Each structure stands twice: as C-alpha cells, then as structure tokens.
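Working notes, structure below.
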C-alpha cells in the first residue's frame, strides 16, 4: 500500500464519520460545550414589561417637550421587584431605578443627573431627552414561543445565559462521541508503575485521551494489553460492547513480529481503509472500520502519536461531536535555515521567539519522535510539504499552533 498524502488521508477519515444521533437531557450547568439537539424556544417574554434602562425619573414626554426647566412633582418610586402601583398624570414623575417597571402613563426616562432636586418633592429638568429614551420595551429581547437557538448550536457562556433567560433548567443535547483508547505492548507499564529492566512507562494514553476530551469526547480507557492476539481481541470486544464510536490503538500497528494490532483487527472483521501516511513523524498510521466503530491505529512513538492525534483524531472527534473545526493553521517567520524536504510531509517542532505578527519560530535542533520533552515545549509545528526546497531564516512558512 503506497504512502497516502496527509490531506487525502484526512478527507477519507472525515468522510466516513457518522456523528451519533442519540440525544440526552442535561442540566444547564452541565451543558457547556455540548451541542443543542433541538430548537430552543422561549418559555416567557423578556423583558416581561416595559422597564427602565437607567436610574432616573419616569415621566411623560409631553410634559417636557417645551424644553429644559420643566418642574415636575415626584409622586412615588419604582424599583426592580417593587413597581409603582399608580399612574403618572400631567406634570408628574416617578423616581425609577434600573430594571424597574415603567409606571402607567410614563413613556420616557430622564437621567438622575439631568434633574435638579427641589424642595417639596419636585424636580427641575436640565435636559430634554427624546421620547422613549432609556426605556426597554416589553419583548425587546424575545417573546414567548420564539425560537432563540437552533438545533446544532454549540453551547457557550452566552448561549447558556440565553437558555437560562428563557427559563430552561435542562437542555436536550447530542450524545458525546465515545473514544476507546487501547495501548498495546509487553514493554509498557502504567504511569506510577515500576518499569522492569526492558520496560517503559506508557505515556501516549494520557496525551491522546486529553486530545479526545478537549474536543468533546467521552473517553473509555481500555488499559494496556500485552502483545497477544487473544488479549487484544478481548479489549477490542470491550470497546464494541461499550458502544465506542472510535477505537484508538496505541502502538503495534506496524509490520514487525510483535505488531499484532492490525492482523487481530482484520481477523475480527475490520475493513482497512488506509495504512501508512506520507508524513513525518507518524508514517505508520492505520485507519479502518469495525462495524459502526471507526478505528485509528496510532504509532507507538509518543511524538508521532501526538502529532497524528492532533492531525487526525482531533478533527474526527470534532466532526462526530458536531463541533466546528479548530483553527490551528498559522504562518510563522522561521529563525533558522531548514533543509530541503523529501517525499513525506514534515511537522517540525518549534518554539516562538517573539510575539510579532507573524511570530518568529525557531525549530528545535533535535526532532526525534521519541522526545516528548521537545514536543511539550514546542509552540507550533512548522509544516514542510513534500519535496519542499531549502528554507532560509526569515522565510514565511505555514505552521500549526499547539497552544
């Protein structure tokens, strides 16, 4: 199977994505980042009554139409939650506060700083606002029964505030995609374990799980299994039983004697879509489908796994979660020369050297795909297309922002 270009691989992966159709109802305070599954209608009118937008005096505009210097008699107060119960007549005003209901007969609010307070409960106007000034009319925001959010809207702080204003304590949302993560390898021990003389700590699951969660997925941790077809098959069946939408395997997807993930999945009925991508790091990427579950086999090297996770798992999870694509593309001005590239697309780890627009980016001198410390300290990945010529310091190059 020939090496597949990155863009074609991503298109094929995303074209096969089937977002979950199941919905659930969650409390308002648990809905952040979720996607609305049905149109949201207002359960009430907001505001429910004409009210004041400022502190001042509610009055009849006809009384002040002649200009400044009008004297009015203040006959009461209207505060938020405690309205004035009467009506305003000619030559009268009501002291009013922000959010308070407008008294019957009043149509304008005079700011408190635009009135001189006189003896005997009277005021004199020093400014003449236009009719209706500083009045919020009933239904200015929305009316009962009005659709305020359409299905498919991602719920952020503003939209949750709107839902609460419409008197919704719970919201119908689409189910999160479920991503099952399976690490394989006799050499692996979990974080906190004691590695034997020929073992290493399994770190990839932490980063890949974080990518999945950060983009709207629920993660199913299948743990670490040894290089044994029966053990791998049992873990895969657990993923299917858990209703995983995506199975991510970590390591074991290459062609060595101990790389048993691909043959095991094929024996269980997986249809292999593609394998091996024209990219560095991350060449041995595997993509297929097992029933309703998409399968992504990530490389075992930590940086290869993380780069492939950002390039492929992140957009897949966001597609399944009905979230918009996350914009990581940017341009950088490189701070060192880069050699000509070969037939694989290269993702060069680099750190920012300034906060200019575009920022400067200095590639790390060491780019080995096992060096997690380099990736953790990188700010971006400089993208070097296949067969790209040498690049000089100061050149503008495409990149992907990491943080």
Using 1/(1 + (r/R0)^6) with R0 = 25 angstrom and r between the beta carbons of residue 365 and residue 213, what's the FRET efficiency to the nearest 0.05?
-> 0.15
First check a/c for the stretch 271-403, with a ≥ b ≥ c the square roots of the eigenvalues of its C-alpha gyration tensor; if it is under 1.5, answer rounded, and if not, answer prolate when a/b is larger than b/c or oblate otherwise.
-> prolate
Relative to the present Cα-Cα distance, how much length would full extension add between residue 16 and residue 356 at 0.36 nm per residue of separation?
-> 118.5 nm
How many angstrom separate the Cα center of the stretch 353-403 from the Cα center of the stretch 1-75?
-> 39 Å
Label points 7 Å out from Cα along the Cβ direction at residue 143 and residue 7: separation in nm?
-> 5.0 nm
Could you state the angle between the C-alpha long axis of helix 229-241 and the longest principal axis of the C-alpha atoms of the chain, as a value from 0 to 90 degrees rounded to the nearest 10?
-> 20 degrees
Order by neighbour count: 308, 380, fewest other Cβ atoms within 10 Å first, most last.
-> 380, 308
Could you please state, rounded to a whole Å, how far the C-alpha centre of the stretch 198-214 is from the C-alpha centre of the stretch 77-111?
-> 62 Å
Pairwise FRET efficiency - residue 104 versus residue 150, Cβ, R0 = 30 Å, nearest 0.05 = 0.20
Computed over the stretch 121-230, the ratio Rg/Rh where both radii use C-alpha atoms and Rh is Kirkwood | 1.40
For P(r) over Cα pairs in 20 Å bins from 0, in percent, which listed value, [x] 21, 46, 28, 5, 0; [y] 22, 35, 21, 18, 3; [z] 29, 64, 7, comes from the coordinates shown?
-> [y]
By its C-alpha gyration tensor, with a ≥ b ≥ c as the square roots of the eigenvalues, how is the stretch 351-396 shaped: rounded for a/c under 1.5, else prolate for a/b larger than b/c, else oblate?
-> oblate
Rounded to the nearest 0.05, what FRET efficiency is calculated for residue 226 and residue 170 with R0 set to 51 Å and r the Cβ-Cβ distance?
-> 0.70
Mind pulling the angle between the C-alpha long axis of helix 6-15 and the longest principal axis of the chain? Nearest 10 degrees, somewhere in 0 to 90.
-> 60 degrees
Given 0.36 nm per residue, what is the gain on full extension from residue 161 to residue 377 after removing their alpha carbon distance, in nm?
-> 74.1 nm
Antiparallel bridge percentage (DSSP; both residues within the chain; nearest 5) | 65 percent
Label residue 61 and residue 127 with points 7 Å out from Cα along Cα→Cβ: what is the distance between them in nm?
-> 1.7 nm
Between the helical axis of 204-214 and the dominant principal axis of the chain, each derived from Cα atoms, what acute angle in degrees is found, rounded to the nearest 10?
-> 30 degrees
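The numbers here are math on the coordinates, done by the rules we state, and not lab data. As the structure is a prediction and not an experimental result, all values here were calculated from the model. We place every Cβ from the backbone using ideal geometry, glycine too, and count neighbours over all the protein chains shown.
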